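Engineer: Mind having a look at this structure? Questions to follow.
Quick note: the coordinates plus some simple rules give every number you see, no bench work behind them. Every value quoted in this text rests on a predicted model; they were computed, and no experiment measured them. Every residue, glycine among them, receives a Cβ derived from its backbone with ideal geometry; neighbour counts consider all protein chains shown.
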Amino acid sequence: MIFKRKQNLEIISGIDIGSSAVRVVVGQYDPDEKNKRNIQILAAVEVPSEGVHKGVITSIEECVSSVSNALEKTERTIGCPIEHLWVGISGTDIISQESKGVVAVAKTDGEIEDEDVDRAVEAARTVAAPLNYEVLHVIPMTFSVDGQTGIKDPVGMTGIRLEADTRIIYGLSSHIKNITKTVYRAGVDIDDLVLSILANGEVVTTPRQKELGVVVVNIGSSTTSLVVYEDGDVVHTAVIPVGSEHITNDVAIGLRSSIDVAERVKIYFGECEADKILKKEKINLKDCGSEVFEEVSKKYVAEIVGARVAEILEKVNEELTSVQKAGVLPAGVLFTGGGSKIGGLVEFSKDIMGLPASLGYPLDIKGAADKVKDLSFGTSIGLLKWGTMLHSTGMKSSLPLVNSSSKIVEKIQSLFKSLIP
Ligand SMILES: Nc1ncnc2c1ncn2[C@@H]1O[C@H](COP(=O)(O)OP(=O)(O)OP(=O)(O)O)[C@@H](O)[C@H]1O
Ligand SMILES: [Mg+2]
């Protein structure tokens, strides 16, 4: 959402309802600077999330209370109410498929206009959605004019037949409804739902990386999401049902410790590469919240962590293989999400994935909040970038992303409004 705060300054908010935390970020940008669209973060708030598992809402009641809590904290920080926000949606029930739309160019002289492009994209959208799924995004990739393929921006060209190649992303209807209900019950309107990994990918990649070919991998608590770009287009998205909490569980079993102690062992001492650790190195579980003094081998913990991280990376590789992109993305892999803070991930992944690797921090984002440089905030900050891209004037025609979940969001919100006396 964008509303006036101070003269000439507009603010925009996003919420990422994750399995471990709800994060709300509010940013502002100067409309005079719209070509740069640099966002300044005003507040970045995180509260533990309840009622969410594997990115899916399992209890609306509990989730509403976490969302309300996060919103209240944010409002106190920025000193004004949040009325609308961009909402991230994730979970394993996301389907992505390609679709073509064909239209006749409207003008008699055959010059293609923005409206023709919109109609072609709309035509691509009319394919029947899988049962119980709704369209979240229709992303135009390339266009063909009278059979000439590979055109990025057909506006101004001349032809009779315009064809749009798009990627359609569907979300499970019940999941979309639950997220919409939750946010609405917390008393705010939704600007739109955005597939979390797309928002995240948008803020950590440069146009050049997307052109060359890059994969963004978000290792969350119970899921790992990825988006692959090539030639500037989204070529694949996936959500894998394994995340960093599985590492914690493995450590707890391996050490026969509680989950809380295992979580601290992972965060303070977890490393992926066991061969880089000496046998004699020890971890004292008392430093990780255990009641008793007990020493465990750091190398053993790294073996446990490494095995699970390798499994996650192999699953990412399987997804890349499914689109013939394993080991062949020149701009490599960018890791984000809280789980990517695990020690030694970047080096470890280079061997397994055979790609250049680095951590993916948000780009072109400023702000006093240290969260700007926190990998856990990639999705929520990405939502601001997404919202800004969609709202910036003069940006629409070159926009690579068309959002279309608004209709269902509006439907559900108006239903709610009609129920309130
Ligand atoms: N320093 C750290 N080292 C290792 N793991 C960490 C570190 N900090 C956080 N994590 C892990 O990151 C995970 C949380 O990541 P994140 O906040 O991105 O997940 P989420 O968005 O809530 O979950 P999901 O995306 O699966 O719905 C937790 O499992 C946590 O243990
Ligand atoms: Mg997440």
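Engineer: Given +1 on the Cβ of Lys and Arg, -1 on the Cβ of Asp and Glu, and no further charges, what dipole in debye does the chain carry about its Cα centre, rounded to the nearest 20? List each step's numbers first, then the result.
Structural biologist: Numbers: 45 positive and 58 negative charges, 149 e Å.
In debye, rounded to 20, the chain gives about 720.
Engineer: Measuring from centroid to centroid over Cα atoms, what is the spacing of segment 370-392 and segment 160-176 in Å?
Structural biologist: Computed from Cα coordinates, the inter-centre distance equals 23 Å.
Engineer: I'd like the orientation of helix 259-269 relative to the chain: the angle between its Cα long axis and the longest Cα principal axis, in ° from 0 to 90, rounded to 10.
Structural biologist: That works out to roughly 80 degrees.
Engineer: Of all the Cα-Cα pairs you can form in the chain, what percent are over 26 Å apart?
Structural biologist: Roughly 57 percent, rounded to a whole number.
Engineer: Name the residues whose placed amide hydrogens come within less than 5 Å of the amide hydrogen of Ile39, ignoring near sequence neighbours (fewer than 5 apart) on the same chain.
Structural biologist: Result for Ile39 returns Lys366.
Engineer: Where both residues lie in the chain, what percent of DSSP beta bridges are antiparallel, nearest 5?
Structural biologist: Beta bridges within the chain, antiparallel portion: roughly 75 percent.
Engineer: Ser173 to Asp118: FRET efficiency via 1/(1 + (r/R0)^6), r the Cβ-Cβ distance, R0 22 Å, to the nearest 0.05?
Structural biologist: 0.30
Engineer: Could you order the peptides 208-216, 344-352 from most to least packed, using the average number of other C-beta atoms within 10 Å per residue?
Structural biologist: Taking the mean over residues of other Cβ atoms within 10 Å, the ranking is 208-216, 344-352.
Engineer: Still on this structure, please answer the following. Please list 3J(HN,Hα) in residue order for segment 281-297, calculated via the Karplus relation 6.51 cos²θ - 1.76 cosθ + 1.60 where θ = phi - 60°; whole Hz, with x for glycine and proline.
Structural biologist: Once rounded to whole Hz, the list reads 5, 10, 10, 8, 5, 5, 6, 10, x, 6, 6, 10, 6, 8, 9, 10, 6.
Engineer: Among Met353, Met389, which comes first, then next, by fewest other beta-carbon atoms within 10 Å?
Structural biologist: Placing the least packed residue first, the sequence is Met389, Met353.
Engineer: Hey, which of these cross-link pairs are over 28 Å Cα-Cα: Lys54/Lys280; Lys276/Lys325; Lys181/Lys385; Lys107/Lys152; Lys100/Lys210?
Structural biologist: Pairs exceeding the cut-off: Lys54/Lys280; Lys276/Lys325.
Engineer: Still on this model: State which entries of Lys73/Lys373; Lys286/Lys341; Lys73/Lys315 exceed 32 angstrom in Cα-Cα distance in the structure shown.
Structural biologist: Working: Lys73/Lys373 20 Å; Lys286/Lys341 22 Å; Lys73/Lys315 37 Å.
Distance filter (> 32 Å) returns Lys73/Lys315.
Engineer: Would you please give the FRET efficiency between Thr149 and Thr126, computed as 1/(1 + (r/R0)^6) with r the Cβ-Cβ distance and R0 = 22 Å, to the nearest 0.05? If you can, show how the numbers build up before the last one.
Structural biologist: Numbers: r = 21 Å, r/R0 = 0.97.
About 0.55, to the nearest 0.05.
Engineer: Sort largest first and round to whole Å: the equivalent ellipsoid semi-axes of segment 94-172, each the square root of five times a Cα gyration tensor eigenvalue.
Structural biologist: 26, 11, 9
Engineer: Determine the principal axes of the Cα atoms in segment 239-358, then give the extent along each, sorted from largest to smallest and rounded to whole angstroms.
Structural biologist: 50, 29, 18
Engineer: Moving on to the next point. Of Asn38, Ser196, Gly51, whose Cα points farthest to the positive end of the dipole of the chain (charges on the beta-carbon: +1 Lys, Arg; -1 Asp, Glu; origin at the Cα centre)?
Structural biologist: Gly51
Engineer: In nanometres, what is the gap between the two model label sites at Asp109 and Glu295, each 7 Å from Cα along Cα-to-Cβ?
Structural biologist: 8.5
Engineer: Right, next: Taking the Cβ-Cβ separation of Arg208 and Lys280 as r and a Förster radius of 45 Å, what is the calculated FRET efficiency to the nearest 0.05?
Structural biologist: 0.50
Engineer: Suppose a student asked you for the relative contact order of the chain, using Cα pairs under 8 Å spaced at least 6 residues apart; what percent would you report?
Structural biologist: Dividing the mean separation by the residue count of the chain yields 18 percent.
Engineer: For helix 298-322, what angle does its Cα long axis make with the longest principal axis of the chain, in degrees from 0 to 90 and rounded to 10?
Structural biologist: 20
Engineer: Follow-up question, since we're still on this one. Pull out the extension gain between Lys350 and Arg185, defined as 0.36 nm times the separation in residues minus the alpha carbon to alpha carbon distance; nm, one decimal.
Structural biologist: 55.0 nm
Engineer: Okay, moving on. Going by alpha carbons, how many degrees (0 to 90, nearest 10) lie between the helix axis of 60-78 and the longest principal axis of the chain?
Structural biologist: The angle comes out at about 80 degrees.
Engineer: Based on alpha-carbon centroids, what's the gap between segment 230-253 and segment 54-76 in Å, whole number please?
Structural biologist: Taking the Cα centre of segment 54-76 as reference, the centre of segment 230-253 is 23 Å away.
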